[in-house]
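Colleague: Take a look at this one; I'll ask things after.
The values are calculated or read from the model by the stated rules, or taken from the named source; none is laboratory data. Small disclaimer: the values here were computed from a predicted structure and weren't measured. Positions of Cβ are backbone-derived with ideal geometry, glycine not excepted, and every protein chain shown enters the neighbour counts.
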Amino acid sequence: MSSHSVATAFEKARADGRAALVGYLPAGFPDVAGGIEALQAMVAAGCDVIEVGLPYSDPVMDGPTVQAAAQQALEAGFRTTDVLRTVEAVAATGTPTLVMTYWNPVERYGVERFAADLAGAGGAGLITPDLTPDFAPEWIAAADDHDLDKVFLVAPSSTQERLAMTVAECRGFVYATAVMGVTGARASTSDLAGPLVARTKAVTDLPVGVGLGISTGDQAAEVASYADAAIVGSAFVRTLLDHPDDRVAGLRALSALTEDLAEGVRRGA
(Lines give C-alpha, C1' and ligand atoms only; values in the text may rest on other atoms or scores of the structure.)
Protein backbone atom coordinates (compact mmCIF):
# COMPACT_ATOMS: atom_id res chain seq x y z
CA MET A 1 0.00 0.00 0.00
CA SER A 2 1.67 3.20 -1.15
CA SER A 3 1.60 6.51 0.68
CA HIS A 4 -0.61 7.68 -2.20
CA SER A 5 -3.39 5.25 -1.32
CA VAL A 6 -6.63 6.48 0.15
CA ALA A 7 -6.51 3.74 2.82
CA THR A 8 -3.29 5.28 4.19
CA ALA A 9 -4.95 8.69 4.59
CA PHE A 10 -7.92 7.17 6.42
CA GLU A 11 -5.63 5.13 8.69
CA LYS A 12 -3.66 8.26 9.57
CA ALA A 13 -6.85 10.19 10.38
CA ARG A 14 -8.13 7.30 12.49
CA ALA A 15 -4.82 7.17 14.35
CA ASP A 16 -5.29 10.89 15.08
CA GLY A 17 -8.78 10.10 16.44
CA ARG A 18 -10.58 12.15 13.82
CA ALA A 19 -12.39 12.00 10.50
CA ALA A 20 -10.64 12.75 7.19
CA LEU A 21 -11.33 15.85 5.09
CA VAL A 22 -11.86 15.14 1.40
CA GLY A 23 -11.82 18.18 -0.90
CA TYR A 24 -13.10 18.48 -4.47
CA LEU A 25 -12.51 20.90 -7.34
CA PRO A 26 -12.97 20.35 -11.06
CA ALA A 27 -9.75 20.28 -13.10
CA GLY A 28 -9.19 23.23 -15.42
CA PHE A 29 -10.96 25.72 -13.14
CA PRO A 30 -10.38 28.63 -13.33
CA ASP A 31 -7.79 27.23 -15.78
CA VAL A 32 -5.45 24.24 -15.58
CA ALA A 33 -2.59 26.01 -13.78
CA GLY A 34 -5.01 27.87 -11.48
CA GLY A 35 -6.82 24.63 -10.61
CA ILE A 36 -3.55 22.93 -9.68
CA GLU A 37 -2.57 25.91 -7.53
CA ALA A 38 -5.97 25.86 -5.79
CA LEU A 39 -5.82 22.12 -5.04
CA GLN A 40 -2.27 22.43 -3.73
CA ALA A 41 -3.46 25.23 -1.42
CA MET A 42 -6.24 22.93 -0.14
CA VAL A 43 -3.66 20.20 0.56
CA ALA A 44 -1.40 22.66 2.40
CA ALA A 45 -4.34 23.89 4.52
CA GLY A 46 -5.49 20.45 5.64
CA CYS A 47 -7.24 18.29 3.02
CA ASP A 48 -6.34 14.62 3.56
CA VAL A 49 -7.64 13.36 0.22
CA ILE A 50 -8.31 15.26 -3.02
CA GLU A 51 -11.00 14.60 -5.61
CA VAL A 52 -10.31 16.10 -9.02
CA GLY A 53 -13.45 16.55 -11.09
CA LEU A 54 -13.49 15.88 -14.82
CA PRO A 55 -15.61 18.67 -16.37
CA TYR A 56 -18.35 17.24 -18.55
CA SER A 57 -20.81 18.83 -20.95
CA ASP A 58 -23.92 17.03 -19.62
CA PRO A 59 -23.61 17.21 -15.81
CA VAL A 60 -26.92 15.68 -14.72
CA MET A 61 -25.94 15.29 -11.05
CA ASP A 62 -24.11 18.56 -10.50
CA GLY A 63 -25.67 21.58 -8.88
CA PRO A 64 -25.35 25.09 -10.37
CA THR A 65 -22.10 25.90 -8.53
CA VAL A 66 -20.12 22.92 -9.87
CA GLN A 67 -21.78 23.31 -13.29
CA ALA A 68 -20.64 26.93 -13.53
CA ALA A 69 -17.04 25.95 -12.76
CA ALA A 70 -17.07 23.01 -15.17
CA GLN A 71 -18.54 25.23 -17.88
CA GLN A 72 -15.73 27.74 -17.34
CA ALA A 73 -13.15 24.95 -17.68
CA LEU A 74 -14.77 23.61 -20.87
CA GLU A 75 -14.94 27.09 -22.41
CA ALA A 76 -11.23 27.52 -21.65
CA GLY A 77 -10.52 24.42 -23.78
CA PHE A 78 -10.36 21.71 -21.11
CA ARG A 79 -9.23 18.27 -22.35
CA THR A 80 -9.40 14.93 -20.54
CA THR A 81 -5.59 14.85 -20.47
CA ASP A 82 -5.73 18.04 -18.34
CA VAL A 83 -7.29 16.01 -15.51
CA LEU A 84 -4.29 13.66 -15.63
CA ARG A 85 -1.87 16.62 -15.52
CA THR A 86 -3.77 17.96 -12.53
CA VAL A 87 -3.72 14.60 -10.74
CA GLU A 88 0.01 14.29 -11.33
CA ALA A 89 0.75 17.70 -9.81
CA VAL A 90 -1.49 17.16 -6.77
CA ALA A 91 -0.44 13.53 -6.15
CA ALA A 92 3.18 14.77 -6.12
CA THR A 93 2.37 16.41 -2.75
CA GLY A 94 1.93 12.90 -1.31
CA THR A 95 -1.81 13.41 -0.84
CA PRO A 96 -4.01 10.64 -2.28
CA THR A 97 -5.73 12.03 -5.37
CA LEU A 98 -8.83 10.53 -6.98
CA VAL A 99 -10.71 11.51 -10.11
CA MET A 100 -14.46 12.04 -9.85
CA THR A 101 -16.11 11.67 -13.21
CA TYR A 102 -19.19 10.80 -15.16
CA TRP A 103 -18.65 7.55 -17.02
CA ASN A 104 -19.01 8.84 -20.60
CA PRO A 105 -15.65 10.70 -20.82
CA VAL A 106 -13.79 7.64 -19.48
CA GLU A 107 -15.49 5.40 -22.01
CA ARG A 108 -14.62 7.83 -24.82
CA TYR A 109 -10.98 7.99 -23.67
CA GLY A 110 -10.81 4.19 -23.38
CA VAL A 111 -11.33 2.48 -20.01
CA GLU A 112 -8.07 0.51 -19.93
CA ARG A 113 -6.11 3.49 -21.27
CA PHE A 114 -7.65 5.82 -18.69
CA ALA A 115 -6.84 3.41 -15.85
CA ALA A 116 -3.25 3.04 -17.08
CA ASP A 117 -2.77 6.79 -17.50
CA LEU A 118 -4.38 7.57 -14.13
CA ALA A 119 -2.10 5.07 -12.38
CA GLY A 120 0.86 6.48 -14.33
CA ALA A 121 0.02 9.97 -13.06
CA GLY A 122 0.09 8.73 -9.46
CA GLY A 123 -3.70 8.78 -9.10
CA ALA A 124 -5.30 6.72 -6.33
CA GLY A 125 -8.52 5.77 -8.11
CA LEU A 126 -11.86 6.83 -9.48
CA ILE A 127 -15.18 7.97 -8.00
CA THR A 128 -17.98 7.14 -10.42
CA PRO A 129 -21.28 8.80 -9.42
CA ASP A 130 -23.29 7.59 -12.42
CA LEU A 131 -21.79 4.09 -12.68
CA THR A 132 -22.96 1.20 -10.52
CA PRO A 133 -20.90 -1.97 -9.98
CA ASP A 134 -23.33 -4.18 -11.91
CA PHE A 135 -22.68 -2.06 -15.03
CA ALA A 136 -18.95 -1.67 -14.43
CA PRO A 137 -17.17 -4.95 -15.31
CA GLU A 138 -14.73 -3.20 -17.63
CA TRP A 139 -13.80 -0.56 -15.05
CA ILE A 140 -13.54 -3.10 -12.21
CA ALA A 141 -11.13 -5.21 -14.29
CA ALA A 142 -9.01 -2.20 -15.31
CA ALA A 143 -8.94 -0.82 -11.75
CA ASP A 144 -7.87 -4.20 -10.38
CA ASP A 145 -5.14 -4.48 -13.03
CA HIS A 146 -3.72 -1.07 -12.07
CA ASP A 147 -4.36 -1.23 -8.30
CA LEU A 148 -6.76 1.73 -8.40
CA ASP A 149 -9.45 2.43 -5.82
CA LYS A 150 -13.05 1.97 -6.96
CA VAL A 151 -15.38 4.35 -5.14
CA PHE A 152 -19.07 3.79 -5.82
CA LEU A 153 -21.94 5.77 -4.30
CA VAL A 154 -24.68 4.71 -1.92
CA ALA A 155 -27.76 6.81 -1.23
CA PRO A 156 -30.63 6.88 1.26
CA SER A 157 -32.76 5.23 -1.45
CA SER A 158 -30.36 2.26 -1.83
CA THR A 159 -32.03 -1.03 -0.91
CA GLN A 160 -30.18 -3.27 1.54
CA GLU A 161 -29.37 -5.67 -1.30
CA ARG A 162 -27.96 -2.90 -3.51
CA LEU A 163 -26.03 -1.42 -0.62
CA ALA A 164 -24.31 -4.74 0.06
CA MET A 165 -23.60 -5.30 -3.65
CA THR A 166 -22.13 -1.81 -4.01
CA VAL A 167 -19.82 -1.86 -0.99
CA ALA A 168 -18.57 -5.34 -1.94
CA GLU A 169 -17.08 -3.80 -5.10
CA CYS A 170 -15.72 -0.64 -3.46
CA ARG A 171 -12.04 -0.23 -2.64
CA GLY A 172 -10.63 2.78 -0.78
CA PHE A 173 -13.83 4.05 0.76
CA VAL A 174 -17.58 4.19 0.24
CA TYR A 175 -19.16 7.49 -0.84
CA ALA A 176 -22.44 8.09 0.97
CA THR A 177 -24.55 10.82 -0.62
CA ALA A 178 -26.39 12.40 2.24
CA VAL A 179 -29.10 14.20 0.34
CA MET A 180 -31.26 13.29 -2.59
CA GLY A 181 -30.85 15.36 -5.71
CA VAL A 182 -28.06 17.48 -7.12
CA THR A 183 -24.90 18.62 -5.36
CA GLY A 184 -24.63 21.95 -3.60
CA ALA A 185 -23.84 23.48 -0.25
CA ARG A 186 -26.81 23.45 2.10
CA ALA A 187 -27.74 25.17 5.34
CA SER A 188 -27.82 21.91 7.30
CA THR A 189 -26.52 18.43 6.62
CA SER A 190 -29.17 15.87 5.99
CA ASP A 191 -30.73 13.82 8.75
CA LEU A 192 -30.67 11.01 6.19
CA ALA A 193 -26.89 10.80 6.39
CA GLY A 194 -26.56 9.28 9.86
CA PRO A 195 -28.83 6.30 9.21
CA LEU A 196 -27.25 5.73 5.77
CA VAL A 197 -23.76 5.61 7.29
CA ALA A 198 -24.97 3.17 9.96
CA ARG A 199 -26.55 0.90 7.31
CA THR A 200 -23.36 1.06 5.23
CA LYS A 201 -21.05 0.33 8.16
CA ALA A 202 -23.17 -2.70 9.02
CA VAL A 203 -22.11 -4.33 5.73
CA THR A 204 -18.51 -3.15 5.23
CA ASP A 205 -15.28 -2.44 7.10
CA LEU A 206 -14.33 0.20 4.55
CA PRO A 207 -14.30 3.85 5.66
CA VAL A 208 -17.50 5.73 4.80
CA GLY A 209 -17.34 9.34 3.64
CA VAL A 210 -20.35 11.66 3.50
CA GLY A 211 -20.69 14.11 0.64
CA LEU A 212 -23.19 16.65 -0.65
CA GLY A 213 -23.96 19.76 1.27
CA ILE A 214 -21.10 20.37 3.75
CA SER A 215 -19.89 23.97 3.71
CA THR A 216 -18.76 24.91 7.23
CA GLY A 217 -16.53 23.62 9.99
CA ASP A 218 -19.60 23.05 12.18
CA GLN A 219 -21.22 20.85 9.52
CA ALA A 220 -17.92 18.98 9.04
CA ALA A 221 -17.83 18.38 12.82
CA GLU A 222 -21.39 17.07 12.74
CA VAL A 223 -20.55 14.60 9.94
CA ALA A 224 -17.28 13.64 11.65
CA SER A 225 -19.24 12.50 14.69
CA TYR A 226 -20.59 9.48 12.76
CA ALA A 227 -18.67 9.17 9.45
CA ASP A 228 -15.02 8.52 8.55
CA ALA A 229 -14.78 11.52 6.21
CA ALA A 230 -16.45 14.80 5.38
CA ILE A 231 -16.46 15.31 1.61
CA VAL A 232 -16.65 18.95 0.50
CA GLY A 233 -17.06 20.18 -3.07
CA SER A 234 -19.48 22.99 -3.84
CA ALA A 235 -18.25 25.15 -0.94
CA PHE A 236 -14.69 25.10 -2.34
CA VAL A 237 -15.92 25.83 -5.87
CA ARG A 238 -18.14 28.67 -4.64
CA THR A 239 -15.16 30.24 -2.83
CA LEU A 240 -13.20 30.45 -6.08
CA LEU A 241 -16.22 31.61 -8.10
CA ASP A 242 -16.60 34.44 -5.57
CA HIS A 243 -13.12 35.78 -6.45
CA PRO A 244 -13.11 35.77 -10.26
CA ASP A 245 -10.70 38.68 -10.70
CA ASP A 246 -8.33 38.22 -7.78
CA ARG A 247 -6.58 34.87 -7.72
CA VAL A 248 -4.53 35.67 -4.62
CA ALA A 249 -7.67 36.56 -2.63
CA GLY A 250 -9.37 33.41 -3.94
CA LEU A 251 -6.52 31.20 -2.76
CA ARG A 252 -6.48 32.94 0.61
CA ALA A 253 -10.23 32.37 1.03
CA LEU A 254 -9.85 28.75 -0.10
CA SER A 255 -7.12 28.15 2.50
CA ALA A 256 -9.24 29.76 5.25
CA LEU A 257 -12.24 27.57 4.36
CA THR A 258 -10.03 24.45 4.32
CA GLU A 259 -8.61 25.32 7.75
CA ASP A 260 -12.14 25.79 9.14
CA LEU A 261 -13.25 22.42 7.75
CA ALA A 262 -10.05 20.67 8.89
CA GLU A 263 -10.61 22.03 12.39
CA GLY A 264 -14.21 20.77 12.18
CA VAL A 265 -13.31 17.16 11.39
CA ARG A 266 -10.95 17.22 14.39
CA ARG A 267 -13.58 18.69 16.70
CA GLY A 268 -16.40 16.39 15.67
CA ALA A 269 -14.71 13.05 16.09
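Colleague: Do the conditions hold for ASP117, that is, is it among the charged types (D, E, K, R) and touching a strand residue (DSSP E or B) at 6+ places or on another chain (Cβ under 6 Å)?
Modeller: Working: among the charged types (D, E, K, R): yes; touching a strand residue (DSSP E or B) at 6+ places or on another chain (Cβ under 6 Å): no.
Considered against the rule, which asks whether it is among the charged types (D, E, K, R) and touching a strand residue (DSSP E or B) at 6+ places or on another chain (Cβ under 6 Å), ASP117 comes out as no.
Colleague: Filter region 90-121 down to the residues that are surrounded by fewer than 19 Cβ atoms within 10 Å (Cβ to Cβ) and either in a loop (DSSP other than H, G, I, E, B) or among the basic types (Lys, Arg) (or both) and list them by number.
Modeller: ALA92, THR93, GLY94, ARG108, GLY110, ARG113 - these are the residues of region 90-121 that are surrounded by fewer than 19 Cβ atoms within 10 Å (Cβ to Cβ) and either in a loop (DSSP other than H, G, I, E, B) or among the basic types (Lys, Arg) (or both).
Colleague: When you go through (1) within 21 Å of MET61 (Cα to Cα); (2) over 15 Å from the mean Cα position of the chain (by Cα); (3) at pLDDT 95 or above one by one for ALA193, which number turns out not to apply?
Modeller: The failed condition is (3).
Colleague: Do we find a residue being modelled with pLDDT under 95 and part of a loop (DSSP other than H, G, I, E, B) anywhere in region 148-156?
Modeller: yes
Colleague: While we're on this one: For region 44-89, how many residues meet the condition of being of a type in the set (Val, Ile, Thr) and either farther than 20 Å from LEU241 by Cβ or part of a loop (DSSP other than H, G, I, E, B) (or both)?
Modeller: The qualifying residues number 5.
Colleague: Also: Is it true that some residue in region 28-39 is within 19 Å of VAL210 (Cα to Cα) and either of a type in the set (Gly, Ala, Ser) or crowded, with 18+ Cβ neighbours inside 10 Å (or both)? Step through it out loud before you land on a result.
Modeller: The initial filter retains those residues of region 28-39 that are within 19 Å of VAL210 (Cα to Cα), namely none.
Scanning region 28-39 turns up no residue that is within 19 Å of VAL210 (Cα to Cα) and either of a type in the set (Gly, Ala, Ser) or crowded, with 18+ Cβ neighbours inside 10 Å (or both).
Colleague: I've got another one for you. Could you list, in sequence order, all residues of region 222-244 that are farther than 17 Å from ASP16 by Cα, within 15 Å of the chain's Cα centre (by Cα) and not hydroxyl-bearing (Ser, Thr, Tyr)? Talk me through it step by step, then tell me what you get.
Modeller: Of the residues in region 222-244, the ones farther than 17 Å from ASP16 by Cα are 222, 231-244.
Those still in the list that are within 15 Å of the chain's Cα centre (by Cα) too: 231-237.
ILE231, VAL232, GLY233, ALA235, PHE236, VAL237, listed by residue number.
Colleague: A further question on this structure: List every residue pair whose Cβ atoms lie under 7 Å apart, where the two residues are 6 or more positions apart in sequence or sit on different chains, the first residue falls within region 1-27 and is more than 11 Å from THR97 (Cβ to Cβ), and the second residue, located anywhere, is modelled with pLDDT of 95 or more and among the basic types (Lys, Arg).
Modeller: ARG18/ARG266
Colleague: Is it the case that region 81-97 has a residue that's over 23 Å from VAL43 (Cβ atoms), over 16 Å from the mean Cα position of the chain (by Cα) and of a type outside the set (Val, Ile, Thr)? Write out each step before concluding.
Modeller: Start the filter on region 81-97 by keeping residues that are over 23 Å from VAL43 (Cβ atoms), which leaves none.
Taking every residue of region 81-97 in turn, none turns out to be over 23 Å from VAL43 (Cβ atoms), over 16 Å from the mean Cα position of the chain (by Cα) and of a type outside the set (Val, Ile, Thr).
Colleague: Could you check region 217-258 and list, in sequence order, the residues that are of a type in the set (S, T, N, Q) and at pLDDT 95 or above?
Modeller: Within region 217-258, the subset of a type in the set (S, T, N, Q) is 219, 225, 234, 239, 255, 258.
Matches in region 217-258: THR239, SER255, THR258.
Colleague: Take ASP218 and decide whether it is within 13 Å of CYS47 (Cβ to Cβ) and either aliphatic (A, V, I, L, M) or not in a loop (DSSP other than H, G, I, E, B) (or both). Talk me through it step by step, then tell me what you get.
Modeller: Working: within 13 Å of CYS47 (Cβ to Cβ): no; either aliphatic (A, V, I, L, M) or not in a loop (DSSP other than H, G, I, E, B) (or both): yes.
Considered against the rule, which asks whether it is within 13 Å of CYS47 (Cβ to Cβ) and either aliphatic (A, V, I, L, M) or not in a loop (DSSP other than H, G, I, E, B) (or both), ASP218 comes out as no.
Colleague: Which residue pairs have Cβ atoms closer than 7 Å, lie 6 or more positions apart in sequence or on different chains, and pair a first residue in region 141-158 that is exposed (fewer than 14 other Cβ atoms within 10 Å of the Cβ) with a second residue that is in a helix (DSSP H, G or I)?
Modeller: Filtered contacts from region 141-158: ASP145/ALA115.
Colleague: Being in contact with a Lys or Arg (Cβ under 8 Å, 6 or more places away or on another chain) and not aliphatic (A, V, I, L, M) is the filter here, so list the residues in region 8-36 that pass it.
Modeller: ASP16, ARG18, PRO30, GLY34
Colleague: Moving on. For region 165-190, name all the residues that are modelled with pLDDT under 90 and over 16 Å from the mean Cα position of the chain (by Cα).
Modeller: If the condition is that a residue be modelled with pLDDT under 90 and over 16 Å from the mean Cα position of the chain (by Cα), then MET180, GLY181, ARG186, ALA187, SER188, THR189, SER190 are the ones that fit.
Colleague: Also: Just to check your reading of the model, which residue among VAL87, VAL106 is in contact (Cβ under 8 Å) with a residue 24 or more places away in the chain, touching a helix residue (DSSP H, G or I) at 6+ places or on another chain (Cβ under 6 Å), closer than 13 Å to LEU54 by Cβ and not charged (D, E, K, R)?
Modeller: Of the residues listed, the single one that is in contact (Cβ under 8 Å) with a residue 24 or more places away in the chain, touching a helix residue (DSSP H, G or I) at 6+ places or on another chain (Cβ under 6 Å), closer than 13 Å to LEU54 by Cβ and not charged (D, E, K, R) is VAL106.
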